[in-house]
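Notes follow once the structure below has been shown.
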Amino acid sequence: MSNSRIITNGRIIDPKNARDEEGDLFIKEGKIVETLSKDELKQAEKTDAKGLVVCPGLVDIHVHLREPGQTHKETIETGSWAAAAGGFTTIVCMPNTNPPADTAGTIQYILDAAKRAAVVNVYPTGCITVGRLGDKLAPIGSLKRAGVVAITDDGDCVQNNEIMRRALEYAKMFDLPIMDHCQDMALTRDAVMNEGEWSIRLGLQGWPAAAEDIIVARNVLLSEMTGAHVHMQHISSAGSVDIMRRAKQRNVNVTAEATPHHLALTDESIKDYNTNFKMNPPLRTEADRQALIEGLKDGTLNIVATDHAPHTNYEKDKEFDYAPFGILGSETCFAVSHQVLCEEAGIPLNDLIAWLTYKPAELLNLPAGTLNAGVAADVTILDPKATWQVNQNTIFSKSQNSPWWGQELKGKTVSTIVGGKTVFQNGQIIT
């Protein structure tokens, strides 16, 4: 088998290098190269990408792989399959496992499992506090040495401002970003959906947008005070976008992400009590949705991330109040984002690819997101015009909790290449 490969005739989009042209991409021994010799060209494996987009492998910095401890929902292996099917070659997994990823030993377990079973690059995060309980700091230096790329209590939010301040000071010392799930717990007790017209109509406990805005503002102030990098996860409200916009005007060291589901859906989606629309933070109003799109357009929000959160059918098949928060995101991310941002909002495809490649990679200093010569050949081939149905044949996660289940989406992953090796092609995982 040849160790060289050519992807021909594709529309090569590499936003980091302002490249958007029809051409060929050359791969040799798992790395991207400028060109190949005559002999290598003769022997190279050839892939015709005519009519397709060839871009850096997509990067998702917000994924729940559920291992260790919750492997009935997902494993590192199946989560990596879902990522590959969505065109992602690099993912960052959250520490809300069982046990929580608050020790070097748990981080080592995740790294070992990823090396053994994952088909994409997997980077772990560690907890901000011991057990994600918000009471005392986790050993941030040990976690950094063990290999984490950020710290977060994702799924929970540190409520104590003094502890959060100290976390930021330590994180800055160790050059680690803090990723925060912004939620004031006192304002959201027993809440299951956005507080507003639809929560009143449906008789469900409402979750005010202010519960997010308060913590986003807190984090901005603490970042300003300490100089530490705070990344706001899954921003959902217009108020939070406004706070971030003002912070960036003052050059505060804060960044933020939007998810495809918050960009595409509103709280009206819950009118049938379908628990696949129950997520944290909750779906909000049309005004909030439009504010997120504007936030991406003007650079207030930095990236798109999935918050891929698998749950089993029997966990989701409960009364709305009792079902867990969270939906699948990996396989549907590109299609949903492309539909909402490019086709409906008129945003250039290059911008979407930037939010899904080099920009998230740069936020966490990951070696990914470009097609520079010499880097690992992590490449995604996409067909923005192809349609596909979300069903058991196209979802590779262990779980099925997608709000788009049974629906047809436009925008498809044709091929996912990691380190020069094809791991997903024509709807199949290749291990």
In range of the label at E169: residues from the stretch 200-237 whose backbone nitrogen is under 11 Å from the point 7 Å along Cα→Cβ: 226
Centroid-to-centroid separation of the stretch 322-394 and the stretch 116-146 [C-alpha atoms, Å]: 25
Residues of type aspartates and glutamates that K248 reaches as a straight line, Cα spacing below 12 Å, ignoring anything fewer than 8 places off in the same chain: E224, D298
V33 long-range amide H proximity, modeled H, under 5 Å: F26, I27, K28, G374
Fluctuation leader among L221, L328, L58 - the chain, Gaussian network, Cα springs under 10 angstrom: L221
Counted charge near V130, where neighbours are those whose Cβ lies closer than 11 Å (Asp, Glu -1; Lys, Arg +1): -1
Only Lys, Arg (+1) and Asp, Glu (-1) charged, at Cβ; the chain dipole about Cα centre in debye: 880
Set of aspartates and glutamates with alpha-carbon distance to K398 below 18 Å, sequence-local pairs under 8 removed: E67, E74, E77, D307, E315, D317, E331
With Cα atoms, 0 to 90° folded angle of helix 104-117 axis to the chain main axis: 40
Cleavage-rule hits, chymotrypsin sites (Phe, Trp or Tyr not before Pro), the stretch 1-91, DSSP coil, Cβ neighbours within 10 Å at most 14: none
Gain upon complete extension [T71, D48; 0.36 nm per residue less C-alpha separation]: 4.5 nm
Dipole axis of the chain (+1 Lys, Arg; -1 Asp, Glu on Cβ), positive-most option in A217, A113, G69: A113
Where GluC sites (Glu not before Pro) in DSSP loops with at most 13 other Cβ within 10 Å are excluded, longest remaining stretch of the chain: 35-318
Gaussian network model of the chain, Cα within-10 Å springs - most flexible of T188, T90, T413: T188
Residue-span extension gain [E22 to E34] - 0.36 nm each, minus C-alpha spacing: 2.8 nm
Ranking of H262, H234 by count of other Cβ atoms within 10 Å, fewest first: H234, H262
All Cα pairs of the stretch 279-332, percent lying beyond 17 Å: 53
Using distinct alpha-carbon pairs, which all enter the 1/r mean, Kirkwood radius of the chain in Å: 21.7
Degrees between helix 210-226 axis and first principal axis of the chain (Cα, 0 to 90, nearest 10): 70
Coil-residue chymotrypsin sites (Phe, Trp or Tyr not before Pro) of the stretch 169-240, DSSP, other Cβ within 10 Å capped at 14: F174
Most mobile listed residue (D156, D112, D213) in the chain, GNM with C-alpha springs under 10 Å: D112
For the stretch 335-394, size of Cβ-based charge dipole, Lys and Arg +1, Asp and Glu -1, in debye: 80
Residues in the stretch 158-198 reached by a label modelled at A210 [backbone nitrogen below 12 Å; 7 Å Cα→Cβ]: 187-188
Sites T431 and E344, calculated FRET efficiency, Cβ-Cβ separation with R0 30 Å, nearest 0.05: 0.25
Neighbour count of at most 10 Cβ within 10 Å plus DSSP loop: longest trypsin sites (Lys or Arg not before Pro)-free window in the chain: 251-431
Separation in nanometres of the label points that stand 7 Å from Cα toward Cβ, at Y273 and S142: 4.7
Descending Cα extents along the principal axes, the stretch 305-425, whole Å: 52, 29, 27
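Values in this text are rule-based calculations from the coordinates and carry no lab data. Predicted model, so just to flag it, every value in this text is computed and none were measured. Because the Cβ atoms are built from the backbone with ideal geometry, glycine has one as well, and the counts that use them run over all protein chains shown.
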